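A.B. asks: If you scroll down you'll find the structure; I have some questions about it.
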Amino acid sequence: IAPAGQKITMRSLDFWRCENGLIRENWVLVDLLHVYRQIGVDVLARMREFNKARRVSA
């Protein structure tokens, strides 16, 4: 993917699990589909095309 040269927003979720006053786990989820959509990349369309090509060559 070529550089888009534009500002984007990145949506994320950050979960922490603490136990006895210590951080035991940290889970970070980033909405990459949203990032790609902002720079004009339709990931789901690419996946559909990829799957079509796989079915044809199988």
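A.B. asks: Report yes if some residue within the stretch 29-44 is at pLDDT 95 or above and in a strand (DSSP E or B); otherwise report no.
C.D. replies: yes
A.B. asks: Report, by residue number, each residue of the stretch 1-27 that is under 20 Å from Val43 (Cβ atoms) and among the polar types (S, T, N, Q).
C.D. replies: Gln6, Thr9, Ser12
A.B. asks: Name the residues in the stretch 7-28 that are in contact (Cβ under 8 Å) with a residue 12 or more places away in the chain, of a type outside the set (D, E, K, R) and not in a loop (DSSP other than H, G, I, E, B), would you?
C.D. replies: Ser12, Leu13, Phe15, Asn26, Trp27, Val28
A.B. asks: Looking at (1) of a type in the set (A, V, I, L, M); (2) part of a helix (DSSP H, G or I); (3) surrounded by 10 or more Cβ atoms within 10 Å (Cβ to Cβ), can you tell me which one Ala4 breaks?
C.D. replies: With respect to (1) of a type in the set (A, V, I, L, M); (2) part of a helix (DSSP H, G or I); (3) surrounded by 10 or more Cβ atoms within 10 Å (Cβ to Cβ), Ala4 is out only on (2).
A.B. asks: Okay, moving on. Filter the stretch 28-43 for residues that are surrounded by fewer than 11 Cβ atoms within 10 Å (Cβ to Cβ) and either hydrophobic (A, V, I, L, M, F, W, C) or touching a His at 6+ places or on another chain (Cβ under 8 Å) (or both) and give the result.
C.D. replies: Of everything in the stretch 28-43, those that are surrounded by fewer than 11 Cβ atoms within 10 Å (Cβ to Cβ) and either hydrophobic (A, V, I, L, M, F, W, C) or touching a His at 6+ places or on another chain (Cβ under 8 Å) (or both) turn out to be Val28, Leu29.
A.B. asks: Let me ask another. Go through the stretch 29-52 and give me each residue that's among the hydrophobic types (A, V, I, L, M, F, W, C) and without any contact (Cβ under 8 Å) to a residue 40 or more places away in the chain.
C.D. replies: Across the stretch 29-52, the qualifying residues are Leu29, Val30, Leu32, Leu33, Val35, Ile39, Val43, Leu44, Ala45, Met47, Phe50.
A.B. asks: Of Glu25, Glu19, which residue is surrounded by fewer than 11 Cβ atoms within 10 Å (Cβ to Cβ) and touching a strand residue (DSSP E or B) at 6+ places or on another chain (Cβ under 6 Å)?
C.D. replies: So the residue among Glu25, Glu19 that is surrounded by fewer than 11 Cβ atoms within 10 Å (Cβ to Cβ) and touching a strand residue (DSSP E or B) at 6+ places or on another chain (Cβ under 6 Å) is Glu25.
The values are calculated or read from the model by the stated rules, or taken from the named source; none is laboratory data. Computed from a predicted structure; not experimentally measured. Don't worry about glycine lacking a Cβ; one is built from the backbone with ideal geometry, like all the others, and counts go over all protein chains shown.
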